[in-house]
Structure formats: C-alpha cells, structure tokens
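**Student:** The structure under discussion is supplied below as structure tokens; questions concerning it will follow.
The values are calculated or read from the model by the stated rules, or taken from the named source; none is laboratory data. What you see is a predicted model; the values in this text were computed from it and never measured. No Cβ is skipped: glycine too gets one built from the backbone with ideal geometry, and neighbour counts run over all protein chains shown. Surface accessibility is based on the protein's heavy atoms, side chains included, excluding ligands, DNA and RNA. Shrake-Rupley method; radii C 1.70, N 1.55, O 1.52, S 1.80 Å.
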Amino acid sequence: MKNARNVILLGLLSLLSSCEPFYDPVANNDVSCSRGTAWQGDPIVVKKTVENPYTAADLTQTMPLSLLLDMALYNNPSTRASWNAARASAYAYRAALSPYYPTLGYVGSLNAQANTGSTFATAGAGIVSTTTTNTTTPPPAYTTNLSNDLNLSYILLDFGGRNATAELARQTLYASNWQHNYTMQEVMLSVLDAYTNYIGNQGLVVAYEENLKDAQVSLDAAKVMHKAGLSTLTDVLLAQSNLEQTRTSLIQAQGAEQTALGDVLITVGLPPDTEISLENLPQKLPVIEISGNISSLLETAKQNRPDLGIAIAAIKQQEAELAISYSTSMPILTANANWNQIRFISPKKPSGYNSTAFLEVNFPIFQGFFFMNQQRQIRAQIEEALANLDVQVAAISTQVVTNYYAFTSAEAALPSAEASLEYSQRAFRGVLVQYKTGTSSFLDVITAETVLNNARAQLVLTRTQWAASLANLAFSVGVLNDTGGRWQDGPPQQLYQIPIRDDNENTK
C-alpha cells in the first residue's frame, strides 16, 4: 500500500509539473510551456533564392574592383528587392490605364423549373423552392432555358479621374525606379568602403612588415655595439622589446586585413570563407571627375540624386491624389449597353432577344463635407512635402560640402605624406649610422624608427582616405553609377606600395 501510494503521488507531481497540464487548453507545441522556457519549433531553413552566376573558376582569378561591383549588384538582396518592386510598379501602372478602355462582362445562367406542385430554379446560387397554385391551364411539367447577358460600360466623363489615377501610378513607378537607382548606389558605396578598407589594412600589413625589418636592423646594431663593449645590455633589451611590439602590431594588422576581406566578401554576396584574391586599387576609379567649383557639384547633385527624384515623385503622387479626390466629388457620366438572349430548351420555343442602351450619371450631392476636408488635407500634405524637399536639399548640400573638402584635403595631404615617409627613412638611416659610430644614443634610434613607422602608417591612411572620400563624394553628388567617360585619376602610388629604402644611399 505504501509503495502504491508513492507511485500515485509521483504520478500526480509529474502531471502537475509537466509542460502540458491536463487543464491547459493550448495544443501541443503551439507556445512554450512557461515564460521561462524557450519554444522548440521546426529548424530554421534559409533557402537561397537566386543562383550565383559566377562559378568557382571565375573566383580563382584576381578580382578587379569592377567585377566586385558587378557581383554585388547582382547578388545583393537589396538590389533584387528594389528591382522587383520597380517591376511591380510598372505592371500597376499598366493596370491603371484600364479605365481608358470599355468594360465588357458576360453572365450566363441555366434555369430549370418543375411544375408538379412545387417549383425550383437553379441559377448558380443554389435551389429555391416555392409553392405553386392551380391554374386553369396547367404549365408544362418541366421547363428549361438558357440565359445569356452581355454588359458594356464606358466612362464618358469623370472630371479627370482616369488621368489622375494613371498619373498616380506613373509617379509611383518613377519613385520605384529612383529607389532602385538609389539602392544600387548604396550597394556600390558599401562595396567601395569595404574594398578601400581592405586595401588600407593590406597596406598597413606591408608597412608593419617594413617596420619589423627596421626593428630587426636596430636589434642587430644594438647586439653588435653591446658585443663590442660600446653599449649596455639596456640597448639590446630595448631593441628586443621594440621588435616584439612591432611584431604584435603586424599580427593585429593581419587579423584586421582578414576581417576586412570577410566584409568585402559579405558585401558582394559571397561566403566569408571564400578563397579569393583582390586586385589592388586601380589607378583610375569609376566615379567622378572633380572639376569646377563646389557650386557646380551642388547643381549636379540636385540633378542626379535619386533620393531627390523619390521626393519629387512623392509630391506629384499627392497632387494626383488631390485630382482623384476632386474627380470623386464630381458627377461621373457612363454609357451602358446590355444585350440579353433567352434560349428555351424544354419545351422547345423560339429564342428571345432584348437589348438596351442608356446613360448613367452618378453624382455624390452631399457627404458631410468629406471631399472638401479631404482636399484641404491633401493640399496641406503637399505643402509639407515641399518643405521637406527643401530640408532634404539642404542635407544633401551639407553632404556634398563635407565630402568635397574631405576629398580635397586628402588629395592635398598625399604629397606631404609621401615626403614625410622619404625624410623619415633618411633620418632613420642617418641616426643608425651615428649610433654605430657612437655619436647618437639608442634612444635616438628608437625615436627615429617610431617616426618612420608613423610616417608609413600615415601614408597608407591618407591614401585610403583619398579613395574613400572620392567614393563618398560621388555618392553625395549622385553619379556613383555613372562611368560613361568620367574617370578620376588615382593617387600617385598604390595603397599597398611603400617606397623601398636604399641602404647603399649616402645619408646627407
């Protein structure tokens, strides 16, 4: 008895503590069993919606920037979504033109009737039973006929309603096309940002490799001087510490380079572990020729920015909605024609025809001042949209000014950055020679080496900023996707290139 009581008690506890108590009306696995329990649904499966047109053989070659942009525009889901949205708007515009054509409809019905005390008729909506009364001339026991109706209707006058509806759909199509262009430029900018970031990190790796060589040269010089008794062990330890710090910076730069490469692959729609080799920054970039003053760039932006096209199309959409509201408040004149045929099947009789034609006027006389207030609302919304357009133009102008001066500053800084690297290399070699002759301390060597390291990094950063600012300027002006004959020369040297030192050069 005691064991049986324990078994029953355990069963009750298990039932009360389970995820599905007997009093819970929720079906199995509809929700989690408690607020502290995760819901266990079916595994998430993300299916690939499109196939990559680029094969593995295509990826084995060195990928130029132009091919990266093509891959991104094809693979990126944003461009795929914006393109299909534009296609849908195009079909919607075609559908909006249908009121310019007459409408033609057909209705056919088969009617059967039994006159045996009750009647029934079938006309597609079911069976209706009624009671009949006796007549002096009994009708036929069964009658069957076929009815055909053709209805023709055409709007003669609607006070611009059809035109406004078509215009609304057309401006919606324009907005979708501008949105697709804007999405393309956003994708291209993201590719250029990721690409220049990768090239910049690649340049830093090369710079840190050169720094590591210089650190090794300094260490070797300190060991030679210490072995000759011309310096202390402190110089060797300081040189060894500097070498390890430089090696650490190189390892971190290599990690940043791989991360940047993964960002490039994800941006163009490839798996982040794809084995790929990217071409170095081209001497010519497909962006924009910087000519004229900033005022001309502002005018170019006003003419080419896709987001301004979206805003202007939205204003015209509201103007079309205003015209639709006005048309709805006015009379609509419609021409109608109807043709009806009845064919008697049983008992057999000659077919009958009937045709009518008429004009119909539909005029909403009064609906509680609805249309008047609706039109006032739309007019206020149009004024709001115009003001927002001015705000957007001001924001774009700020972008153009910011990116223009960022580009010109980076371009102007390139010669100084290159000259600084050259002078710091010569200074490092000179201090190293002086250290070996005993006229300089090892701290002077470390200081000169640090200046040289900073100059290498600064040159890479300046060139990266040049490329990134050029891409951002092209985006802000709205011509990032315009490569028809307008090309901008690249920096004097590739981002990854560092002027090679000549150890045999006499220090002046």
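**Student:** Is it the case that some residue within the range 14-26 is modelled with pLDDT of 60 or more and exposed (fewer than 13 other Cβ atoms within 10 Å of the Cβ)?
**Tutor:** In the first step, residues of the range 14-26 are kept if they are modelled with pLDDT of 60 or more; the result is none.
Checked the range 14-26: no residue is modelled with pLDDT of 60 or more and exposed (fewer than 13 other Cβ atoms within 10 Å of the Cβ).
**Student:** Checking the conditions here, which among Ala357, Ala311 is under 30 Å from Ser176 (Cα atoms) and of a type outside the set (Val, Ile, Thr)? Walk me through how you get there before you give the answer.
**Tutor:** Working: Ala357 fails: under 30 Å from Ser176 (Cα atoms).
Just one listed residue meets the conditions, Ala311.
**Student:** So in the range 363-379, with the set limited to residues that are more than 25 Å from Ile155 (Cα to Cα) and within 38 Å of the chain's Cα centre (by Cα), which one is most open to solvent (accessible area, probe 1.4 Å)?
**Tutor:** Of the residues in the range 363-379, the ones more than 25 Å from Ile155 (Cα to Cα) are 368-369, 373, 376-379.
Cutting the leftovers down to within 38 Å of the chain's Cα centre (by Cα) gives us 373, 376-379.
Numbers: Asn373: 79, Arg376: 142, Gln377: 102, Ile378: 14, Arg379: 121 Å².
Residue satisfying both the conditions and the ranking: Arg376.
Residue-wise test of (1) of a type outside the set (D, E, K, R); (2) more than 30 Å from His180 (Cβ to Cβ); (3) modelled with pLDDT of 85 or more.
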site: Thr437; (1), (2), (3): yes, yes, yes
site: Ser441; (1), (2), (3): yes, yes, yes
site: Leu452; (1), (2), (3): yes, yes, yes
site: Asn472; (1), (2), (3): yes, no, yes
site: Val479; (1), (2), (3): yes, no, no
site: Tyr496; (1), (2), (3): yes, yes, no
site: Pro499; (1), (2), (3): yes, yes, no
site: Glu505; (1), (2), (3): no, yes, no
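**Student:** Kindly indicate whether Asn453 is touching a residue at least 40 places away in the same chain (Cβ under 8 Å), polar (S, T, N, Q) and closer than 22 Å to Asp220 by Cα. Steps first, answer last, please.
**Tutor:** Numbers: touching a residue at least 40 places away in the same chain (Cβ under 8 Å): yes; polar (S, T, N, Q): yes; closer than 22 Å to Asp220 by Cα: yes.
Against the criterion (touching a residue at least 40 places away in the same chain (Cβ under 8 Å), polar (S, T, N, Q) and closer than 22 Å to Asp220 by Cα), Asn453 qualifies.
**Student:** Counting just the residues of the range 425-450 that are under 12 Å from Asn211 (Cα atoms) and without any contact (Cβ under 8 Å) to a residue 40 or more places away in the chain, which one comes out least open to solvent (accessible area, probe 1.4 Å)? Don't jump to the end; show me each part of the working.
**Tutor:** First pass over the range 425-450, keeping only residues under 12 Å from Asn211 (Cα atoms): 425, 428, 446, 448-450.
Still in the list and also without any contact (Cβ under 8 Å) to a residue 40 or more places away in the chain: 448, 450.
Numbers: Ala448: 14, Thr450: 60 Å².
Checking each candidate, the answer is Ala448.
**Student:** Among the residues of the range 68-79, is any in a loop (DSSP other than H, G, I, E, B) and at pLDDT 80 or above? Break it down stepwise before answering.
**Tutor:** Start the filter on the range 68-79 by keeping residues that are in a loop (DSSP other than H, G, I, E, B), which leaves 76.
Restricting the remaining residues to those that are at pLDDT 80 or above gives 76.
Yes.
**Student:** List every residue pair whose Cβ atoms lie under 7 Å apart, where the two residues are 6 or more positions apart in sequence or sit on different chains, the first residue falls within the range 87-107 and is at negative phi, and the second residue, located anywhere, is surrounded by 12 or more Cβ atoms within 10 Å (Cβ to Cβ) and polar (S, T, N, Q).
**Tutor:** Listed pairs, sorted by first residue: Ser89/Thr172; Ser89/Ser176; Ala92/Thr172; Ala96/Thr165; Pro99/Thr165; Pro102/Ser153; Thr103/Ser153; Gly105/Asn151.
**Student:** Another question, if that's okay. Starting from the range 260-279, take each residue that is closer than 17 Å to Gln61 by Cα and of a type in the set (Asp, Glu) and list its partners that are surrounded by 15 or more Cβ atoms within 10 Å (Cβ to Cβ) and at pLDDT below 90, counting only C-beta distances under 9 angstrom and pairs at least six apart or across chains.
**Tutor:** Close Cβ pairs satisfying both conditions: Asp273/Leu265; Glu275/Leu59; Glu279/Met63; Glu279/Leu65; Glu279/Leu67; Glu279/Leu68.
**Student:** Same structure, new question: Give Ala215, Ala228 a once-over and let me know the one that is of a type in the set (A, V, I, L, M) and crowded, with 18+ Cβ neighbours inside 10 Å.
**Tutor:** On the way: Ala228 fails: crowded, with 18+ Cβ neighbours inside 10 Å.
Testing whether each residue is of a type in the set (A, V, I, L, M) and crowded, with 18+ Cβ neighbours inside 10 Å leaves just Ala215.
One line per residue, one yes/no per condition, for (1) within 44 Å of the chain's Cα centre (by Cα); (2) farther than 30 Å from Ser98 by Cα; (3) touching a residue at least 40 places away in the same chain (Cβ under 8 Å); (4) part of a loop (DSSP other than H, G, I, E, B):
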{"residue": "Ser147", "(1), (2), (3), (4)": "no, no, yes, no"}
{"residue": "Gln171", "(1), (2), (3), (4)": "yes, no, yes, no"}
{"residue": "Ser176", "(1), (2), (3), (4)": "yes, no, yes, no"}
{"residue": "Gln179", "(1), (2), (3), (4)": "yes, no, yes, no"}
{"residue": "Leu189", "(1), (2), (3), (4)": "yes, yes, yes, no"}
{"residue": "Val217", "(1), (2), (3), (4)": "no, yes, yes, no"}
{"residue": "Asp220", "(1), (2), (3), (4)": "no, yes, no, no"}
{"residue": "Ser231", "(1), (2), (3), (4)": "no, yes, yes, yes"}
{"residue": "Val236", "(1), (2), (3), (4)": "no, yes, no, no"}
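**Student:** Oh, and also: Name, by its number, the condition in (1) in a helix (DSSP H, G or I); (2) open to solvent by less than 80 Å² (accessible area, probe 1.4 Å); (3) hydrophobic (A, V, I, L, M, F, W, C) that does not hold for Leu270.
**Tutor:** Answer for Leu270: the failing condition is (1).
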